[in-house]
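Just below is one structure, and these are the notes that go with it.
The values are calculated or read from the model by the stated rules, or taken from the named source; none is laboratory data. Just so you know, these numbers come straight off a predicted model, no measurement behind them. All Cβ positions, even for glycine, are placed from backbone atoms using ideal geometry, and neighbour counts span all protein chains on display. Surface accessibility is based on the protein's heavy atoms, side chains included, excluding ligands, DNA and RNA. Shrake-Rupley method; radii C 1.70, N 1.55, O 1.52, S 1.80 Å.
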Amino acid sequence: RKLAGDMAVKESEAEWQQYQQVQLSVVARLKQAYYRRSYAFSAVDVLERNLELLRKFLRITEARYSVGKAAQQDVYKAQTQISILETKKVQLQREKRAREAEINSLVNRPPGSSLNRPAALTPMPLPVQLEELYAAARENSPMLRRDEKMIQRAEVAVNMARKEYYPDVTLNGGYYNMGRMPDMFMFRADFKIPLYYFRKQRAAVAEQAQTLVQSRKTYEATNQGIHFRIQDDYLMSQTSEQLVRLYGQTVIPQASLALESSLSSYETGAVDFLTVFMNYITVVEYEMNYYEELQNFYLALARLEEMTARRLTP
């Protein structure tokens, strides 16, 4: 009975770790939905700002076309690009509503509840080193702890199966009130002898031993999987951090200066339409990439939090 109680305790502890893992998973999903929604707002801002610049460019092109200094196809290209950006805006608006619905679902709010605009994602240094994440996972990961509890449960089960080799003794006693007749007492002793242990008890021990081996292999597989996912997300966050810094400090400022210079020269006829148009496309693309990499950085941190049970984001 004590061994059976120990097995039940290990099973309950394993289920508690599973509950802890579900909590971490829900929080990670909630954060990722929040970051995706924040990205959608920032991306829409980028498109709206650049749409205004493109409309200005279109007006200049139409004026030059009216006096015969620009080709009609230049006007069509600018109009087409406006339509493309409007299409992207529609897609991002859908993403905002989808992530809003996901957040309401995760926090059990009524469907259709409105949410305030999320705070804009801002660049931040990577707050942890890879070895620290490995150590946090070994110490805190509910997935690993659950597998450890299942190993301990399997070890108790092996010991319990071995106990079946021993005879089982049952003692009974009773008292009977016979009314006017003398009271009657009864004592009984039962002995259960495992005569067929070669076919029954030995097979049960072998079964539990294989279950123990399976539990240990499951732990090893979980440990390897967690280490791979940690390294993968760490490298993703590291790469995104570097790209965000490059886009924000070097690439976007240089591309914006090139666009402003070419647009001013286009008004005077010093450069052609294609040069300005390509500079404009480059600026929009780099600004969108900036916010996308910023989103990827925070998404990777949220997944690392789920695997290590360590808080990495505000």
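Go through 192/217; 10/31; 31/149; 10/217 and tell me which ones have a Cα-Cα distance over 25 Å in this structure.
Correct reply: 192/217; 10/31; 31/149.
Can you tell me the dipole magnitude for the chain around its Cα centre, using point charges on the Cβ only (Lys, Arg +1; Asp, Glu -1), in Debye to the nearest 20?
It works out to roughly 1160 debye.
Have a look at 141, 119, 238 and report the one farthest towards the positive end of the charge dipole of the chain, computed about the Cα centre with Cβ charges (Lys/Arg +1, Asp/Glu -1).
141
Can you give me the accessible area per residue for the chain, using a 1.4 Å probe, in Å²?
With the other protein chains kept in place, the chain gives 60 Å² per residue.
Nearest 10 degrees, 0 to 90: what angle lies between the long axis of helix 2-66 and the longest principal axis of the chain (Cα atoms)?
Tilt of helix 2-66: around 10 degrees.
So if the hydrodynamic radius of region 232-314 is defined as the Kirkwood radius over C-alpha pairs, what does Stokes-Einstein give as its diffusion coefficient at 37 °C and 0.692 mPa s, in µm² per second?
Translational diffusion coefficient: 226 µm²/s.
Quick check: at a probe of 1.4 Å, how many percent of the accessible area of the chain sits on carbon and sulfur atoms?
Accessible surface attributable to carbon and sulfur in the chain totals 53 percent.
Could you tell me the number of lysine pairs in region 53-129 with C-alpha atoms less than 23 Å from each other, where the two lysines are 8 or more residues apart or belong to different chains?
Taking the Cα cut-off of 23 Å, the pair count is 8.
For q values of 0.08, 0.10 Å⁻¹, compute log₁₀ I(q)/I(0) with the Debye formula on a Cα-only model of region 20-164, without solvent.
-0.50, -0.65
I want to check the label-to-label distance for residue 235 and residue 106. Put each point 7 Å from Cα in the C-beta direction and report it in nm to one decimal.
2.6 nm
How compact is region 4-68 by the rule of thumb for globular proteins, expressed as Cα Rg over 2.2 N^0.38 Å?
2.61
In terms of Cα to Cα distance under 19 Å, which aspartates and glutamates are near enough to residue 2, apart from those fewer than 8 places away along the same chain?
11, 13, 155, 164, 168
How much accessible surface does residue 207 have with a 1.4 Å probe, in Å² rounded to 10?
About 120 Å², ignoring ligands and nucleic acids.
By what distance, in whole Å, do the Cα atoms of region 167-314 stretch along each of the three principal axes, largest value first?
Principal extents (Cα only, largest first): 127, 43, 23 Å.
Once you have the Kirkwood Rh of region 100-155 from its Cα pairs, apply Stokes-Einstein at 10 °C and 1.306 mPa s and quote D in µm²/s.
Once the numbers are plugged in, D ends up at 102 µm²/s.
For the chain, find the longest principal axis of its Cα atoms and tell me its angle to the long axis of helix 72-106, 0 to 90°, nearest 10.
20 degrees
On a C-alpha basis, how far is the centre of region 9-74 from the centre of region 118-146 in Å? Whole number, if you could?
Going from one Cα centre to the other spans 24 Å.
For the chain, find the longest principal axis of its Cα atoms and tell me its angle to the long axis of helix 142-163, 0 to 90°, nearest 10.
For 142-163 against the chain, the angle is about 20 degrees.
Tell me the Rg and the Dmax, in Å, that the Cα atoms of region 77-128 produce.
When restricted to Cα atoms, region 77-128 yields Rg and Dmax of 16.2, 47 Å.
Regarding the chain, what's the average projected area of the Cα-atom convex hull, expressed in nm²?
Result: a mean projected hull area of 28.5 nm².
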